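The block underneath contains the structure these notes are about, expressed in C-alpha coordinates.
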Amino acid sequence: MRKLPAIVFSLAVFSSALSAQPSRGAASFPSRDVSVKNSTESGAARSAPPEYAPDDVAREFLWQEFGAIPPGGRPKVGVALSGGGARGFAHVGVLETLSAAGFPVDCLAGTSMGAVVGSFFSAGLPFSEIWEIGRNASFSNVSRDFNALGALRLLLGQKLMSSNRTEDFINSHIGNITFDRLKIPFSCSAMDIKTGERVLFREGPVAIGVRASMNLPGIFSPVEYRQRYLVDGGVVDFLPVRSARSLCADWVLASVTLGDYSAAQLNSILSYMLQVQDIRGALLAQAAMKEADFVVSPQVSDISINELDRSVESGERGVVEMARQLDRAKESLLIFSANDILRKYK
(Lines give C-alpha, C1' and ligand atoms only; values in the text may rest on other atoms or scores of the structure.)
Protein backbone atom coordinates (compact mmCIF):
# COMPACT_ATOMS: atom_id res chain seq x y z
CA MET A 1 0.00 0.00 0.00
CA ARG A 2 1.38 3.41 -0.97
CA LYS A 3 1.94 5.96 1.76
CA LEU A 4 0.10 9.27 1.98
CA PRO A 5 3.20 11.46 2.48
CA ALA A 6 4.39 10.66 -1.03
CA ILE A 7 1.35 12.31 -2.58
CA VAL A 8 1.83 15.36 -0.38
CA PHE A 9 5.34 15.76 -1.76
CA SER A 10 4.11 15.16 -5.31
CA LEU A 11 1.51 17.88 -4.97
CA ALA A 12 4.25 20.32 -4.01
CA VAL A 13 6.27 19.31 -7.06
CA PHE A 14 3.30 19.55 -9.39
CA SER A 15 2.14 22.86 -7.92
CA SER A 16 5.55 24.30 -8.77
CA ALA A 17 5.26 22.86 -12.24
CA LEU A 18 1.86 24.45 -12.66
CA SER A 19 3.21 27.84 -11.61
CA ALA A 20 6.00 27.57 -14.14
CA GLN A 21 3.66 26.37 -16.92
CA PRO A 22 0.63 28.65 -17.07
CA SER A 23 -0.12 27.35 -20.54
CA ARG A 24 -1.32 24.15 -18.89
CA GLY A 25 -4.13 26.13 -17.32
CA ALA A 26 -7.34 24.72 -15.93
CA ALA A 27 -9.69 26.10 -18.54
CA SER A 28 -10.79 22.61 -19.57
CA PHE A 29 -11.05 21.22 -16.03
CA PRO A 30 -14.44 20.73 -14.36
CA SER A 31 -14.91 22.95 -11.32
CA ARG A 32 -16.91 22.70 -8.12
CA ASP A 33 -15.87 26.22 -7.05
CA VAL A 34 -16.60 28.70 -9.82
CA SER A 35 -17.10 32.25 -8.54
CA VAL A 36 -20.30 34.01 -9.67
CA LYS A 37 -20.08 37.69 -10.63
CA ASN A 38 -22.76 40.20 -9.68
CA SER A 39 -24.88 41.26 -12.65
CA THR A 40 -24.14 44.92 -11.92
CA GLU A 41 -20.41 44.49 -12.54
CA SER A 42 -18.84 45.52 -15.81
CA GLY A 43 -18.94 43.30 -18.85
CA ALA A 44 -15.18 42.89 -18.65
CA ALA A 45 -15.46 41.57 -15.10
CA ARG A 46 -18.23 39.18 -16.06
CA SER A 47 -16.19 37.79 -18.94
CA ALA A 48 -13.15 37.13 -16.73
CA PRO A 49 -12.10 33.45 -16.68
CA PRO A 50 -13.57 31.44 -13.80
CA GLU A 51 -11.53 30.71 -10.72
CA TYR A 52 -10.67 27.07 -10.06
CA ALA A 53 -9.99 25.41 -6.74
CA PRO A 54 -6.32 24.42 -6.36
CA ASP A 55 -7.34 20.88 -5.45
CA ASP A 56 -9.20 20.52 -8.74
CA VAL A 57 -6.22 21.76 -10.73
CA ALA A 58 -3.74 19.54 -8.88
CA ARG A 59 -5.95 16.48 -9.21
CA GLU A 60 -6.44 16.92 -12.95
CA PHE A 61 -2.75 17.58 -13.50
CA LEU A 62 -1.88 14.44 -11.55
CA TRP A 63 -4.49 12.52 -13.50
CA GLN A 64 -2.84 13.52 -16.76
CA GLU A 65 0.52 12.43 -15.40
CA PHE A 66 -0.98 9.12 -14.27
CA GLY A 67 -2.56 8.57 -17.68
CA ALA A 68 0.82 9.05 -19.36
CA ILE A 69 2.34 6.12 -17.44
CA PRO A 70 2.45 2.91 -19.51
CA PRO A 71 0.15 0.19 -18.12
CA GLY A 72 3.14 -1.84 -16.99
CA GLY A 73 4.46 1.04 -14.89
CA ARG A 74 1.38 1.71 -12.77
CA PRO A 75 -0.91 -0.33 -10.49
CA LYS A 76 -3.38 -2.61 -12.24
CA VAL A 77 -6.96 -1.43 -11.83
CA GLY A 78 -9.71 -3.98 -11.35
CA VAL A 79 -13.47 -3.51 -11.17
CA ALA A 80 -15.71 -5.84 -9.16
CA LEU A 81 -19.38 -5.97 -10.19
CA SER A 82 -21.93 -7.32 -7.72
CA GLY A 83 -25.06 -9.32 -8.33
CA GLY A 84 -28.47 -7.76 -7.89
CA GLY A 85 -30.68 -8.71 -10.83
CA ALA A 86 -32.23 -5.65 -12.48
CA ARG A 87 -30.36 -3.42 -10.03
CA GLY A 88 -27.10 -4.77 -11.42
CA PHE A 89 -27.66 -2.99 -14.71
CA ALA A 90 -26.41 0.08 -12.83
CA HIS A 91 -22.93 -1.34 -13.54
CA VAL A 92 -23.40 -0.28 -17.16
CA GLY A 93 -23.68 3.36 -16.09
CA VAL A 94 -20.69 3.01 -13.77
CA LEU A 95 -18.49 1.53 -16.50
CA GLU A 96 -19.59 4.04 -19.12
CA THR A 97 -18.77 6.94 -16.80
CA LEU A 98 -15.35 5.48 -15.99
CA SER A 99 -14.63 4.95 -19.69
CA ALA A 100 -15.64 8.50 -20.60
CA ALA A 101 -13.29 9.83 -17.91
CA GLY A 102 -10.34 7.82 -19.17
CA PHE A 103 -10.33 5.69 -16.02
CA PRO A 104 -8.29 2.54 -16.70
CA VAL A 105 -9.94 -0.85 -16.31
CA ASP A 106 -7.35 -3.60 -16.59
CA CYS A 107 -9.60 -6.47 -15.53
CA LEU A 108 -13.12 -7.18 -14.29
CA ALA A 109 -14.78 -9.74 -12.06
CA GLY A 110 -18.54 -10.10 -11.98
CA THR A 111 -21.23 -12.16 -10.32
CA SER A 112 -24.75 -12.85 -11.59
CA MET A 113 -25.93 -9.67 -13.37
CA GLY A 114 -22.43 -8.32 -12.80
CA ALA A 115 -21.18 -11.27 -14.85
CA VAL A 116 -23.53 -10.40 -17.70
CA VAL A 117 -22.49 -6.75 -17.78
CA GLY A 118 -18.83 -7.63 -17.26
CA SER A 119 -18.81 -10.09 -20.15
CA PHE A 120 -20.29 -7.51 -22.51
CA PHE A 121 -17.80 -4.84 -21.46
CA SER A 122 -14.81 -7.20 -21.60
CA ALA A 123 -15.80 -8.34 -25.08
CA GLY A 124 -15.77 -4.72 -26.27
CA LEU A 125 -19.50 -4.43 -26.90
CA PRO A 126 -20.42 -0.77 -27.60
CA PHE A 127 -22.32 0.90 -24.77
CA SER A 128 -25.10 1.81 -27.19
CA GLU A 129 -25.71 -1.90 -27.75
CA ILE A 130 -25.57 -2.71 -24.04
CA TRP A 131 -28.16 0.00 -23.30
CA GLU A 132 -30.37 -1.49 -26.02
CA ILE A 133 -30.09 -4.88 -24.34
CA GLY A 134 -31.34 -3.25 -21.15
CA ARG A 135 -34.33 -1.74 -22.95
CA ASN A 136 -35.35 -5.19 -24.15
CA ALA A 137 -34.44 -7.14 -21.00
CA SER A 138 -36.76 -10.07 -20.31
CA PHE A 139 -36.67 -13.38 -18.48
CA SER A 140 -37.47 -14.99 -21.81
CA ASN A 141 -33.81 -14.33 -22.69
CA VAL A 142 -32.86 -16.65 -19.83
CA SER A 143 -35.38 -19.47 -20.04
CA ARG A 144 -38.20 -20.66 -22.29
CA ASP A 145 -39.80 -22.09 -19.12
CA PHE A 146 -40.30 -18.66 -17.54
CA ASN A 147 -44.07 -18.68 -18.05
CA ALA A 148 -47.25 -19.77 -16.27
CA LEU A 149 -46.69 -23.47 -17.00
CA GLY A 150 -43.09 -23.33 -15.83
CA ALA A 151 -44.14 -21.55 -12.64
CA LEU A 152 -46.82 -24.18 -12.00
CA ARG A 153 -44.30 -27.00 -12.41
CA LEU A 154 -41.95 -25.21 -10.06
CA LEU A 155 -44.72 -24.70 -7.51
CA LEU A 156 -45.73 -28.37 -7.63
CA GLY A 157 -42.13 -29.45 -7.24
CA GLN A 158 -42.18 -31.34 -10.50
CA LYS A 159 -39.46 -29.54 -12.41
CA LEU A 160 -36.99 -26.70 -12.04
CA MET A 161 -36.77 -24.28 -14.94
CA SER A 162 -33.93 -24.46 -17.44
CA SER A 163 -31.64 -21.48 -18.04
CA ASN A 164 -30.36 -22.87 -21.33
CA ARG A 165 -31.38 -19.81 -23.33
CA THR A 166 -28.83 -17.73 -21.45
CA GLU A 167 -25.95 -19.19 -23.46
CA ASP A 168 -27.65 -18.40 -26.76
CA PHE A 169 -28.41 -14.90 -25.51
CA ILE A 170 -24.79 -14.19 -24.52
CA ASN A 171 -23.39 -15.75 -27.70
CA SER A 172 -25.76 -13.71 -29.87
CA HIS A 173 -24.11 -10.55 -28.61
CA ILE A 174 -20.43 -11.43 -28.13
CA GLY A 175 -20.07 -14.56 -30.23
CA ASN A 176 -19.19 -18.06 -29.09
CA ILE A 177 -15.86 -17.03 -27.59
CA THR A 178 -13.67 -18.23 -24.76
CA PHE A 179 -12.31 -16.17 -21.86
CA ASP A 180 -8.83 -15.94 -23.36
CA ARG A 181 -10.24 -14.13 -26.42
CA LEU A 182 -11.85 -11.29 -24.47
CA LYS A 183 -10.36 -7.82 -24.93
CA ILE A 184 -10.09 -7.28 -21.16
CA PRO A 185 -9.35 -10.08 -18.66
CA PHE A 186 -12.59 -11.17 -17.00
CA SER A 187 -13.78 -13.76 -14.50
CA CYS A 188 -17.15 -14.71 -13.04
CA SER A 189 -18.19 -16.75 -10.03
CA ALA A 190 -20.62 -19.62 -9.56
CA MET A 191 -21.20 -22.17 -6.78
CA ASP A 192 -21.18 -25.96 -6.90
CA ILE A 193 -24.50 -26.83 -5.25
CA LYS A 194 -23.20 -30.28 -4.23
CA THR A 195 -20.09 -29.08 -2.42
CA GLY A 196 -20.75 -25.42 -1.60
CA GLU A 197 -17.48 -24.45 -3.27
CA ARG A 198 -16.99 -21.26 -5.22
CA VAL A 199 -16.14 -21.99 -8.84
CA LEU A 200 -14.25 -19.22 -10.62
CA PHE A 201 -14.53 -19.13 -14.41
CA ARG A 202 -11.40 -17.80 -16.10
CA GLU A 203 -11.20 -20.18 -19.04
CA GLY A 204 -13.51 -22.04 -21.36
CA PRO A 205 -16.65 -20.68 -23.06
CA VAL A 206 -17.73 -17.29 -21.68
CA ALA A 207 -21.44 -18.01 -22.16
CA ILE A 208 -21.37 -21.10 -19.94
CA GLY A 209 -19.58 -19.20 -17.16
CA VAL A 210 -22.05 -16.32 -17.30
CA ARG A 211 -25.03 -18.69 -17.36
CA ALA A 212 -23.74 -20.52 -14.29
CA SER A 213 -23.02 -17.26 -12.48
CA MET A 214 -26.63 -16.04 -12.85
CA ASN A 215 -28.34 -19.44 -12.44
CA LEU A 216 -30.70 -18.79 -9.50
CA PRO A 217 -30.82 -21.83 -7.17
CA GLY A 218 -34.24 -23.23 -6.43
CA ILE A 219 -35.60 -21.72 -9.64
CA PHE A 220 -33.29 -22.94 -12.40
CA SER A 221 -31.77 -26.39 -12.73
CA PRO A 222 -28.04 -26.51 -11.93
CA VAL A 223 -25.73 -26.08 -14.89
CA GLU A 224 -23.83 -29.33 -15.34
CA TYR A 225 -20.27 -28.58 -16.41
CA ARG A 226 -17.09 -30.60 -15.87
CA GLN A 227 -18.64 -32.79 -13.18
CA ARG A 228 -19.95 -29.70 -11.37
CA TYR A 229 -23.54 -28.71 -10.61
CA LEU A 230 -23.45 -24.94 -10.77
CA VAL A 231 -25.77 -22.22 -9.47
CA ASP A 232 -25.70 -18.43 -8.99
CA GLY A 233 -22.36 -17.21 -7.64
CA GLY A 234 -24.09 -14.59 -5.50
CA VAL A 235 -24.56 -17.25 -2.84
CA VAL A 236 -20.80 -17.36 -2.17
CA ASP A 237 -19.23 -14.37 -3.97
CA PHE A 238 -21.84 -11.62 -4.32
CA LEU A 239 -19.19 -8.90 -4.68
CA PRO A 240 -16.07 -10.49 -6.23
CA VAL A 241 -13.34 -8.18 -4.92
CA ARG A 242 -10.95 -11.07 -4.20
CA SER A 243 -11.66 -12.50 -7.63
CA ALA A 244 -10.60 -9.20 -9.21
CA ARG A 245 -7.38 -9.21 -7.19
CA SER A 246 -6.59 -12.80 -8.16
CA LEU A 247 -7.18 -11.90 -11.81
CA CYS A 248 -4.86 -8.86 -12.03
CA ALA A 249 -5.82 -6.00 -9.70
CA ASP A 250 -3.64 -4.05 -7.30
CA TRP A 251 -6.40 -1.46 -6.75
CA VAL A 252 -10.08 -2.44 -6.89
CA LEU A 253 -13.18 -0.33 -7.46
CA ALA A 254 -16.30 -2.18 -6.32
CA SER A 255 -19.73 -1.41 -7.78
CA VAL A 256 -22.42 -2.62 -5.37
CA THR A 257 -26.16 -2.71 -5.98
CA LEU A 258 -28.02 -3.56 -2.78
CA GLY A 259 -31.77 -3.55 -2.18
CA ASP A 260 -34.12 -2.20 0.47
CA TYR A 261 -35.43 -5.42 1.94
CA SER A 262 -37.91 -3.72 4.24
CA ALA A 263 -39.81 -2.38 1.23
CA ALA A 264 -39.97 -5.67 -0.69
CA GLN A 265 -43.39 -6.92 -1.79
CA LEU A 266 -43.37 -10.56 -0.66
CA ASN A 267 -46.47 -11.79 -2.41
CA SER A 268 -45.27 -14.97 -4.10
CA ILE A 269 -43.00 -17.96 -3.60
CA LEU A 270 -40.60 -16.47 -6.16
CA SER A 271 -40.40 -13.16 -4.31
CA TYR A 272 -39.60 -14.97 -1.05
CA MET A 273 -36.85 -17.01 -2.68
CA LEU A 274 -35.32 -13.96 -4.30
CA GLN A 275 -35.49 -12.06 -1.01
CA VAL A 276 -33.57 -14.76 0.85
CA GLN A 277 -30.84 -14.83 -1.78
CA ASP A 278 -30.70 -11.04 -1.87
CA ILE A 279 -30.21 -10.81 1.89
CA ARG A 280 -27.51 -13.48 1.78
CA GLY A 281 -25.73 -11.52 -0.94
CA ALA A 282 -25.92 -8.30 1.04
CA LEU A 283 -24.30 -9.94 4.06
CA LEU A 284 -21.44 -11.15 1.88
CA ALA A 285 -21.12 -7.73 0.29
CA GLN A 286 -20.61 -5.99 3.64
CA ALA A 287 -17.39 -7.95 4.18
CA ALA A 288 -16.21 -7.64 0.57
CA MET A 289 -16.66 -3.85 0.51
CA LYS A 290 -14.11 -3.54 3.30
CA GLU A 291 -11.55 -5.23 1.05
CA ALA A 292 -12.10 -2.88 -1.89
CA ASP A 293 -10.05 0.29 -2.37
CA PHE A 294 -13.06 2.29 -3.49
CA VAL A 295 -16.78 1.55 -3.39
CA VAL A 296 -19.55 3.08 -5.47
CA SER A 297 -23.15 2.23 -4.54
CA PRO A 298 -25.71 3.42 -7.10
CA GLN A 299 -29.02 4.37 -5.48
CA VAL A 300 -31.13 1.48 -6.78
CA SER A 301 -32.45 0.02 -3.54
CA ASP A 302 -36.09 0.55 -4.59
CA ILE A 303 -35.67 -1.64 -7.69
CA SER A 304 -36.42 -5.34 -7.23
CA ILE A 305 -34.23 -8.11 -8.60
CA ASN A 306 -36.88 -9.19 -11.08
CA GLU A 307 -37.95 -5.73 -12.33
CA LEU A 308 -36.08 -6.08 -15.61
CA ASP A 309 -38.30 -3.42 -17.18
CA ARG A 310 -36.43 -0.93 -14.96
CA SER A 311 -32.95 -2.01 -16.12
CA VAL A 312 -32.27 1.20 -18.05
CA GLU A 313 -33.45 3.27 -15.08
CA SER A 314 -30.98 1.35 -12.95
CA GLY A 315 -28.20 2.01 -15.46
CA GLU A 316 -28.95 5.72 -15.51
CA ARG A 317 -28.65 5.85 -11.73
CA GLY A 318 -25.26 4.20 -12.10
CA VAL A 319 -24.17 7.06 -14.36
CA VAL A 320 -25.33 9.63 -11.81
CA GLU A 321 -23.63 8.01 -8.82
CA MET A 322 -20.33 7.28 -10.58
CA ALA A 323 -20.19 10.84 -11.90
CA ARG A 324 -20.78 12.12 -8.36
CA GLN A 325 -17.98 9.95 -6.99
CA LEU A 326 -15.56 10.26 -9.91
CA ASP A 327 -13.23 12.88 -8.38
CA ARG A 328 -12.94 10.88 -5.16
CA ALA A 329 -12.21 7.70 -7.10
CA LYS A 330 -9.47 9.48 -9.03
CA GLU A 331 -7.95 10.83 -5.82
CA SER A 332 -7.97 7.37 -4.23
CA LEU A 333 -6.19 5.83 -7.21
CA LEU A 334 -3.72 8.73 -7.41
CA ILE A 335 -2.77 8.35 -3.75
CA PHE A 336 -2.28 4.62 -4.29
CA SER A 337 -0.16 5.34 -7.39
CA ALA A 338 1.85 8.26 -5.94
CA ASN A 339 5.24 6.54 -6.04
CA ASP A 340 4.70 5.51 -9.66
CA ILE A 341 3.77 9.07 -10.66
CA LEU A 342 6.80 10.50 -8.83
CA ARG A 343 9.23 8.09 -10.44
CA LYS A 344 9.65 10.32 -13.50
CA TYR A 345 10.72 13.22 -11.26
CA LYS A 346 13.39 11.31 -9.36
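Table for the structure above
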{"read-out": "Which listed residue, of A329, A323, A288, A263, is among the small types (G, A, S), under 27 Å from F179 (Cα atoms) and either open to solvent by 50 Å² or more (accessible area, probe 1.4 Å) or at pLDDT 90 or above (or both)", "value": "A288"}
{"read-out": "Whichever residue in the range 100-139 is of a type in the set (S, T, Y) and part of a helix (DSSP H, G or I) and, among such residues, is surrounded by the most Cβ atoms within 10 Å (Cβ to Cβ)", "value": "S119"}
{"read-out": "Pairs, first farther than 15 Å from S297 by Cα in the range 237-256, second open to solvent by less than 10 Å² (accessible area, probe 1.4 Å) and part of a helix (DSSP H, G or I), C-beta under 6 Å, six or more apart", "value": "W251/L333"}
{"read-out": "Criterion (touching a residue at least 40 places away in the same chain (Cβ under 8 Å), surrounded by fewer than 22 Cβ atoms within 10 Å (Cβ to Cβ), within 16 Å of the chain's Cα centre (by Cα) and closer than 18 Å to I170 by Cβ) met by exactly one of I184, I208", "value": "I184"}
{"read-out": "Where K194 falls short, out of the listed (1) open to solvent by 30 Å² or more (accessible area, probe 1.4 Å); (2) within 24 Å of K76 (Cα to Cα)", "value": "(2)"}
{"read-out": "Test result for S271, hydroxyl-bearing (S, T, Y), at pLDDT below 95 and open to solvent by less than 30 Å² (accessible area, probe 1.4 Å)", "value": "yes"}
{"read-out": "Residue under evaluation T97, criteria (1) assigned to a loop (DSSP other than H, G, I, E, B); (2) within 26 Å of E316 (Cα to Cα), criterion not met", "value": "(1)"}
{"read-out": "Sole exception among (1) closer than 19 Å to A254 by Cα; (2) charged (D, E, K, R); (3) open to solvent by less than 40 Å² (accessible area, probe 1.4 Å) for D340, by number", "value": "(1)"}
{"read-out": "Members of the range 163-186 that are of a type in the set (S, T, Y) and out of contact with any Gly (no Cβ under 8 Å at 6 or more places or on another chain)", "value": "S163, T166, S172"}
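Quick grid of which residues meet (1) open to solvent by 40 Å² or more (accessible area, probe 1.4 Å); (2) among the charged types (D, E, K, R):
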site	(1), (2)
L216	no, no
F220	no, no
R226	yes, yes
Y229	yes, no
V235	no, no
S255	no, no
G259	no, no
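The values are calculated or read from the model by the stated rules, or taken from the named source; none is laboratory data. Small disclaimer: the values here were computed from a predicted structure and weren't measured. Cβ atoms come from the backbone with ideal geometry, glycine included; neighbour counts cover every protein chain shown. SASA here: full protein model, heavy atoms, side chains in, ligands and nucleic acids out. Shrake-Rupley method; radii C 1.70, N 1.55, O 1.52, S 1.80 Å.
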